[in-house]
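So the structure is just underneath, and the comments pick up after that.
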Amino acid sequence: MVLTQDIVRTLQTYWHQQVSGQIPTLFPGVPTQIGQADAWFEFWVSTCQEPVHREISPTRLFALVDVHCFSRKSTNRQQLHSLVDSARSLSGIKLEVQHEDTAAALIRLDRLQVRDLSRTDQEHSEFTVLHAVVSLTAIIEEFASTPAV
């Protein structure tokens, strides 16, 4: 059986090693110093659900992965767009999930959606921090296990 913690660990490890580069990433529950960084990410696995299926069918889960992209360079949206492009690179990837050193499932990321959530500072009519969210659906298909004889 694949555990949620296995799924989250696989996604976060891939993100940290392959995508985020020198840009700091905040993961839920992990203290990270961003200080006065010009840009940063927040990486969330927001929901995980298991649709109804037959008992003999392999388990299939759906998860929502949200990558929040932040940029303090409010006069130039180019940095925010660059962050969004980095997060968009997750679309289409396939990752193997390990549970107790055994391949347990395959994650496929797709159904990309980008939303700009930047808001202006009411007093100064300018952006203080630009904010976009890249959302992807993760389809997790558990490998069929062979019954014990």
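The values are calculated or read from the model by the stated rules, or taken from the named source; none is laboratory data. Computed from a prediction, not measured in an experiment: that's the story for all the values here. Heads up, the Cβs are rebuilt from the backbone with ideal geometry, glycines too, and the neighbour counts pull from every protein chain shown.
Is segment 43-62 home to any residue that is at pLDDT below 90 and basic (Lys, Arg)?
Yes, there is a match, as at least one residue in segment 43-62 is at pLDDT below 90 and basic (Lys, Arg).
Looking at 90, 106, which is the one that is buried (at least 18 other Cβ atoms within 10 Å of the Cβ) and not acidic (Asp, Glu)?
Every option except 90 fails the conditions.
Taking only pairs six or more apart or across chains, which ones have beta-carbon atoms under 9 Å, a first residue in segment 10-35 that is in a loop (DSSP other than H, G, I, E, B) and surrounded by fewer than 12 Cβ atoms within 10 Å (Cβ to Cβ), and a second residue that is modelled with pLDDT under 85 and of a type outside the set (Asp, Glu)?
Every condition considered, no pair remains.
Could we say that residue 20 is touching a Leu at 6+ places or on another chain (Cβ under 9 Å) and among the small types (Gly, Ala, Ser) here?
When the stated conditions are applied, residue 20 does not pass them.
Quick one: count up the residues across segment 66-93 that are farther than 23 Å from residue 137 by Cβ and β-branched (Val, Ile, Thr).
Going through segment 66-93 one residue at a time, the tally reaches 1.
Does segment 100-109 include one or more residues that are polar (S, T, N, Q), within 15 Å of residue 7 (Cβ to Cβ) and at pLDDT below 90?
Checked against the condition, which is being polar (S, T, N, Q), within 15 Å of residue 7 (Cβ to Cβ) and at pLDDT below 90, segment 100-109 yields at least one hit.
Of all residues in segment 67-80, how many are out of contact with any Ser or Thr (no Cβ under 9 Å at 6 or more places or on another chain) and surrounded by 15 or more Cβ atoms within 10 Å (Cβ to Cβ)?
Residues in segment 67-80 being out of contact with any Ser or Thr (no Cβ under 9 Å at 6 or more places or on another chain) and surrounded by 15 or more Cβ atoms within 10 Å (Cβ to Cβ): 2 in total.
In this structure, does residue 91 turn out to be within 21 Å of the chain's Cα centre (by Cα) and either modelled with pLDDT of 95 or more or among the hydroxyl-bearing types (Ser, Thr, Tyr) (or both)?
yes
Among (1) at pLDDT below 90; (2) within 16 Å of residue 132 (Cα to Cα); (3) among the hydrophobic types (A, V, I, L, M, F, W, C), there is one condition residue 65 misses while meeting the rest; what is its number?
Status for residue 65: all satisfied but (1).
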